[in-house]
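Comments concern the structure below.
The values are calculated or read from the model by the stated rules, or taken from the named source; none is laboratory data. Keep in mind that this is a model prediction, so the values were computed, not measured. For neighbour counting, all protein chains shown are included, and Cβ atoms are generated from backbone atoms with ideal geometry for every residue, glycine included.
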Amino acid sequence: MGSEEHIMGGVKPGGAAQGGGSVRETLDRYGIRYSKSKGQNFLVDAKIPEKIVRLAGIDKSCGVLEVGPGLGALTRALSAAAGRVLAIELDGRLIPILREMFDGQPNVGFVHGDVLKLDIAALIAEKLPSQKHILCANLPYNITTPALSAFIKAGVFESITVMVQREVARRICAKPASPEYGAFTVFVNYHAEPSPLFDVPPECFFPRPGVWSSVITLKTGTGRALEPDAEAMFFRVVRSAFGQRRKTLVNALHSVFGYALDKNAVEKAVISCGIDARARGETLDIADFIKLSEKISLLLR
């Protein structure tokens, strides 16, 4: 995934997002030092959070889960638009600061914890009941893939709008046969409909990261709905196809299913799905993978 820079919010207590100098002053006031080794970067352009919230379509009917609020730049924009905001922050030093900043705003709450270890569905049911559930976050780059996977699998969000590293955004939104297209692309597109929104340059953060960021949105509830066994086979075939990208699809599949199917059987299965026997996995779309996984399931019975 490249850089593991942690993009965070940055605001003065009770104020809007600010420039790098003011972020430094806020950190100094609370005795906190950002860590270059951890790649902590604070969002300082006030227009970015407002644009994210607007394009995410958040209104008072929404209960929003935010991850990694940092110093609350996005949190403040969310609190002004949403019915309720629940923000999960891993850095325990920031929790009392955030609670002081948002004191008197009853629609904002904070949880200290690791989002990858929390039961997201249970947390939403407890803290954001009877609302339209939206995920909106500036994700730490080093957990982008597992975090997005967890959000999607939770099955509780109507939409997911996140800022991620630009190269990851391109992978998620990639089309078949493009260099960025891969297994994670297929996973996301199986469950949701991703759309790129806008790019964010390094100068919008303090200190400046070495990469560009991108904001994307995932419309959930638009994906396929295979039975559990069929879905498991689907993703097994997808992983097989991308596991050895230099191999043709036939060879890649045979290396995984060769214990039960000879190469000729695999080739016939591929051709019967209308796929060229010389094709590689990155040329297949989701419909192709579904047809192929169904065919292989039949042959394995």
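Could you tell me whether residue 95 is closer than 24 Å to residue 196 by Cα, in contact with a strand residue (DSSP E or B) (Cβ under 8 Å, 6 or more places away or on another chain) and assigned to a helix (DSSP H, G or I)?
No.
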Task: Residue list for region 122-168, filter: over 22 Å from residue 76 (Cβ atoms), of a type in the set (Lys, Arg) and assigned to a strand (DSSP E or B) - done: none
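Residues of region 222-234 being in contact with a Phe, Trp or Tyr (Cβ under 9 Å, 6 or more places away or on another chain) and farther than 18 Å from residue 261 by Cα, which ones?
The initial filter retains those residues of region 222-234 that are in contact with a Phe, Trp or Tyr (Cβ under 9 Å, 6 or more places away or on another chain), namely 223-224, 226, 231, 234.
Answer for region 222-234, where residues must be in contact with a Phe, Trp or Tyr (Cβ under 9 Å, 6 or more places away or on another chain) and farther than 18 Å from residue 261 by Cα: 223, 224, 226, 231.
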TODO: Look through region 154-175, keep the residues that are surrounded by fewer than 16 Cβ atoms within 10 Å (Cβ to Cβ) and not acidic (Asp, Glu), and return whichever of them is modelled with the highest pLDDT.
DONE: 175
Open item on the list: Looking at residue 171 and the list (1) of a type in the set (Lys, Arg); (2) assigned to a helix (DSSP H, G or I); (3) in contact (Cβ under 8 Å) with a residue 40 or more places away in the chain; (4) over 24 Å from residue 295 (Cβ atoms), which single condition is not satisfied?
Closed with: (3)
Task: Inter-residue pairs, beta-carbon under 6 Å, first within 15 Å of residue 167 (Cα to Cα) and in region 196-224, second acidic (Asp, Glu) and not in a strand (DSSP E or B), 6+ apart - done: 209/5
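Condition test on residue 252, is it more than 21 Å from the chain's Cα centre (by Cα), at negative phi and buried (at least 20 other Cβ atoms within 10 Å of the Cβ)?
Numbers: more than 21 Å from the chain's Cα centre (by Cα): yes; at negative phi: yes; buried (at least 20 other Cβ atoms within 10 Å of the Cβ): yes.
So residue 252 passes the test.
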Task: Pick from region 179-191, criterion free of Cβ contacts under 8 Å to residues at least 40 places away in the same chain and surrounded by fewer than 23 Cβ atoms within 10 Å (Cβ to Cβ), ranking: farthest from residue 87 (Cα to Cα) - done: 179
